[in-house]
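One structure below.
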Amino acid sequence: MNLANIKILHIDSNHPLLWEQLQQAGFHNEADFTSSKQEVEAKIENYHGIVIRSRFKIDKTFLDKATNLQFIARVGAGLESIDCDYATAKGIHLIAAPEGNANAVGEHAIGMLLSLFNNLNKANNEVKSGQWKREANRGHELEGKTIGIIGYGNMGKSFAKKLRGFDVTVLCHDILPNMGNENATQVALSELQERADVLSLHTPWTPETDKMINSDFINKFKKPFWLINTARGNSVVTEDLVQALKSGKILGAGLDVLEYEKLSFETLFEGEKPAAFEYLLQAENVLLTPHIAGWTFESHQKLAQTIVDKICKIYQ
Ligand SMILES: O=C(O)[C@H](O)COP(=O)(O)O
């Protein structure tokens, strides 16, 4: 097959190796990082492949215009910006690269957990502002704790693997059966809620996981617990999380994702903020990072390489 006939449109910037290796393989590549969704829609019939991150939604309207599209390559894990069922029904290959940033997410979740358990962020801020508070920063140890992981795909598995060596019990829950492995025992959700001291969320954002962590869900946990969310902000009802933080049912939270994060910077940080968000910003037992769990120099490269390999495989 003459790969020069396969025209690929890149609508988001990625690690340069992605472009370079597709060029070397012989594909015809074009980049358009600025056109609006409507502008891309108007020309998408000319392309056989599109390489995206999450700039805009690939919905039915878009797909109906993409009459020659053979693949959609998402340089990342989450596929929520694509109408996957509709694309698949049209015979379009869907490619994603969760293998590329799973390690980064696993390491970030470990970092958040250790930071929360040992007050690293809080204590650091205090010492740097001239306060030497030892008793107020007495920490907890992971040893002997039970870690519950919801969503046991690439990210959940990576986190569980990193937990080896901490002498913890690792439970996982997934909608698919038989997902447990040497690093985690699969249990029913109710058992996880009964036993866990920590909940780490590693689920995609789907209708089933939207607002999943709400008061009802939280109250089913038998013990107070720590929450780590490196998955999607919309899976947690922030008001309910705040209520649980206030009551002590949630002991602390490490949040790399927020339900407000798609708002503009101005909306998010200037002027009046949603009360629950304001609480998270002030709370000492809440650690916030700006959706960077999968955002490392190494994952940038691994994501690109994974996508190149998967595109090349389609045309082997
Ligand atoms: O789904 C992912 O891979 C991560 O959440 C990163 O998403 P982004 O490409 O939209 O930043």
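The values are calculated or read from the model by the stated rules, or taken from the named source; none is laboratory data. Because the structure is a prediction, the values reported are computed rather than measured. Backbone-built Cβ (ideal geometry, glycine too); neighbour counts: all protein chains shown. These accessible areas exclude ligands, DNA and RNA; they are computed on the full protein's heavy atoms, side chains included. Shrake-Rupley method; radii C 1.70, N 1.55, O 1.52, S 1.80 Å.
Does segment 251-259 contain any residue that is loosely packed, with under 14 Cβ neighbours inside 10 Å and either at pLDDT 95 or above or more than 16 Å from the ligand (Cβ to nearest atom) (or both)? Steps first, answer last, please.
Initial filter on segment 251-259 (loosely packed, with under 14 Cβ neighbours inside 10 Å): none.
Checked against the condition, which is being loosely packed, with under 14 Cβ neighbours inside 10 Å and either at pLDDT 95 or above or more than 16 Å from the ligand (Cβ to nearest atom) (or both), segment 251-259 yields no hits at all.
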Inset, instruction - Scan (1) open to solvent by 50 Å² or more (accessible area, probe 1.4 Å); (2) part of a helix (DSSP H, G or I); (3) out of contact with any Leu (no Cβ under 9 Å at 6 or more places or on another chain) for the single condition Ile292 breaks and write down its number. - result: (2)
Legend entry - Any helices (runs of 4 or more DSSP H) falling wholly within segment 1-100 and containing at least 2 residues that are more than 21 Å from Asp309 (Cβ to Cβ) and in contact (Cβ under 8 Å) with a residue 12 or more places away in the chain: 37-43, 60-65
Legend entry - Qualifying positions in segment 276-316 - free of Cβ contacts under 8 Å to residues at least 12 places away in the same chain and away from the ligand (no atom under 16 Å from the Cβ): Glu278, Leu281, Gln282, Asp309, Lys313, Gln316
Inset, instruction - State whether one or more residues within segment 76-86 are away from the ligand (no atom under 16 Å from the Cβ), in the same structural domain as Val257 (by TED's automatic domain parsing), of a type outside the set (Ser, Thr, Tyr) and under 22 Å from the mean Cα position of the chain (by Cα). - result: no
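Only one of these is aliphatic (A, V, I, L, M) and assigned to a loop (DSSP other than H, G, I, E, B): Ala304, Ala231, Ala276, Ala253. Name it. Outline the logic, then answer.
On the way: Ala304 fails: assigned to a loop (DSSP other than H, G, I, E, B); Ala276 fails: assigned to a loop (DSSP other than H, G, I, E, B); Ala253 fails: assigned to a loop (DSSP other than H, G, I, E, B).
Going through Ala304, Ala231, Ala276, Ala253 in turn, the sole match is Ala231.
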Inset, instruction - Answer yes if at least one residue in segment 153-170 is closer than 26 Å to Arg53 by Cβ, of a type in the set (Asp, Glu) and open to solvent by 60 Å² or more (accessible area, probe 1.4 Å), and no otherwise. - result: no
